[in-house]
């Protein structure tokens, strides 16, 4: 089968590799319909973080189940599914508490490989999210929105959930990448009244407003803090940190009112931080890896199916697997907000 | 009037000072009935943190209002009140959100001075908490419990509230000082099922169990983490950090299950911390200065009046103002959990 392979910083290729097979009784073999490139893929594509070369990559997909292991009883061959980047078992303390991104029964050997024709997905019984019907029952736009449920929409939702966004809140969203834009959608879905998107790129500002943002703040650092304070008087009720850079986290802490919670999903680029800024203003810091399956099953799948949210609009360019290098480059050069990979009809 | 005066590390004296007067229209003049010494007073008493000398001190008291400023309409002369260490205005964004410890209309010139015969308390209209009846209507034990509503009980409650302790939770309480012990009370009040108190002093272990702790862990650091994991399997649902030392905060983060929140009220002795330990296990960090008036009015005063909680038991030694030095020494030498100061009949 064809699969995207990372050959080194700035170099993606499509190789013919062996088709995966069921290895564990908890596995499912999935024929991929659509996959995509994640902002976090750019860390190793750009050479900023290390990654082994000559490996298959990608961690977002939807597809149709071809075969399941003996312990997979809730998912059957022929099922159309979201394949989250997480692999929750559904019964450990973390999954039961709604944090399946930190499942205490982690799986090995299935990291990545979603940018391919087939995927072996383990902890399939609970981790996969069944979509009603078949791919052909959905429009192009709907398929794109369903694809976002494998990571980006759920990750944006995690930022809003851990920031404890509630009805009537004023929210600041740090980051105008696909995750930040999904954070805007999530804030609106949870009832936020005012959503301030921190964005300096015109295409992203436009999409943020379409998704429900009420204000745009293009500044960064202290200027951004000043602008938010002018808009809100006393700071936001909740802050979504969807970047992970030191300056962005610092700004996130400063734009909240006393008692606000910063929900962060941007992978932290610096571990150490001065937490006195949190303590003396009662600012909370929460977040981490999204609980994809939980959010999909609880709220996001229904919201997409009902047309209440349209996160698939973050895909502004589409490619096939043979043009994987172009798909990465478009995101690297910011000519696409997020790159879609159309793999098969299912 | 008599007042406790800080003369330098290890040296407290009682001086005759001028009786305070109403200075602002938002002030109330209070005749103190009982006051006490706080664990945080030991930071400057021990010379660990700096503080001006020759100043009146103390920030916890109950008393009877003698006079009020022209803008104080909800509190009248003769009212028996809790005088919180906080001074919430009741109408700013922080107070309205339930974080009056971070009131955005801060007052100046009234910091400390509660360990005295009279106190000028500003932002009195909302900040003070009215107690039904008069001091003579209450038993000795009840007066002690009412006194804890000025700080220690509300601070312990803030740890539990920001750790988001809910019914059925397994909770770890770091710190067996008076605040930690009140954290045990607060956890039980919020419905925790299992409360693990980290304590290595027999008198405090005994009180923790009396207040509702179900388990005692005397170890510290990695040994403590191991012990909690043996008890819980996967970590606690919520963690109360009532110490503030680097090791204690570090342990607090490690004993939570994925998604747990650490509610901290121990004043941080080190600002920088590695927050990757939070992110990659979805551990939340919240807390800060307690919302004393909010908690007193919402839940704590009623709980004390109904006899549901008896936080006054943290006072294990009593003194009069003339023996202020002994009161501090008893806490410094750990011969008292918390030192009570009996000032007047009201």
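Values in this text are rule-based calculations from the coordinates and carry no lab data. Worth saying up front: this structure is predicted, and the values here are computed from it rather than measured. Every residue, glycine as well, gets a Cβ built from its backbone with ideal geometry; the counts of neighbours run over all protein chains shown.
Points worth noting:
- Nearest-0.05 FRET efficiency for residue A:71 and residue A:209, computed from C-beta distance (R0 45 Å): 0.45
- For segment B:98-172, convex hull of alpha carbons as volume per residue, Å³: 163 Å³
- Degrees between helix A:221-232 axis and first principal axis of chain A (Cα, 0 to 90, nearest 10): 70 degrees
- Computed [θ] at 222 nm, deg cm²/dmol, chain A (DSSP H ≥ 4; -39,500 (n - 2.57); rounded to nearest 500): -7500 deg cm²/dmol
- Between residue B:141 and residue B:322, the C-beta separation translates, for a Förster distance of 30 Å, into a calculated FRET efficiency of about 0.80.
- Among B:139, B:199, a tally of other beta-carbon atoms within 10 Å of each Cβ gives an order, fewest to most, of B:139, B:199.
- Extents of segment A:94-232, largest first, come to 50, 36, 26 Å (Cα atoms, principal axes, whole angstrom).
- Averaging 1/r over each pair of different alpha-carbon atoms in the protein assembly as shown and inverting the result gives 27.0 Å, the Kirkwood hydrodynamic radius.
- Near-label residues of segment A:72-98 by backbone N, under 17 Å of a point 7 Å along Cα→Cβ of residue B:229: A:93-94
- Distances between copies of residue A:77, taken at a point 7 Å out from Cα along the Cα→Cβ vector and listed shortest first: 9.1 nm.
- Pairwise inverse Cα distances across segment A:26-152, averaged and inverted, put the Kirkwood hydrodynamic radius at 15.0 Å.
- Computed over chain B with a Gaussian network model linking Cα atoms closer than 10 Å, the most mobile of B:70, B:145, B:248 is B:70.
- Inter-part distance where segment A:186-225 and segment A:1-53 are each reduced to a Cα centre, Å: 32 Å
- Cβ-based exposure ranking for B:43, A:126, in which fewest neighbours within 10 Å come first: B:43, A:126
- Here is how far apart the residue A:168 label points are across copies: 2.8 nm, shortest first, using a point 7 Å from Cα toward Cβ.
- Global form of segment B:267-346, assessed from the alpha-carbon gyration tensor, a/c cut-off 1.5: oblate
- Neighbouring partner chain Cβ atoms per residue of A:92-103, average, 10 Å criterion: 5
- A Förster radius of 56 Å combined with the Cβ-Cβ distance from residue B:167 to residue A:335 puts the calculated FRET efficiency at roughly 0.60.
- Listing A:216, A:131 from fewest to most neighbouring C-beta atoms within 10 Å gives A:216, A:131.
- Mean per-residue shielding of peptide A:253-264 is 4, counting Cβ atoms of other chains within 10 Å of each Cβ.
- Counting from the shortest, the label point at residue B:10, 7 Å from Cα toward Cβ, is 6.6 nm from the same position in each remaining copy.
- Average projection, convex hull of the Cα set of chain A: 15.9 square nanometres.
- Average beta-carbon neighbours from other chains, 10 Å sphere, peptide A:155-162: 1
- When chain B is treated as a Gaussian network with alpha carbon springs shorter than 10 Å, the biggest mean-square fluctuation among B:312, B:168, B:101 belongs to B:168.
- Cα-projected label distance for residue B:246 with residue B:305, points at 7 Å along beta-carbon direction, nm: 4.7 nm
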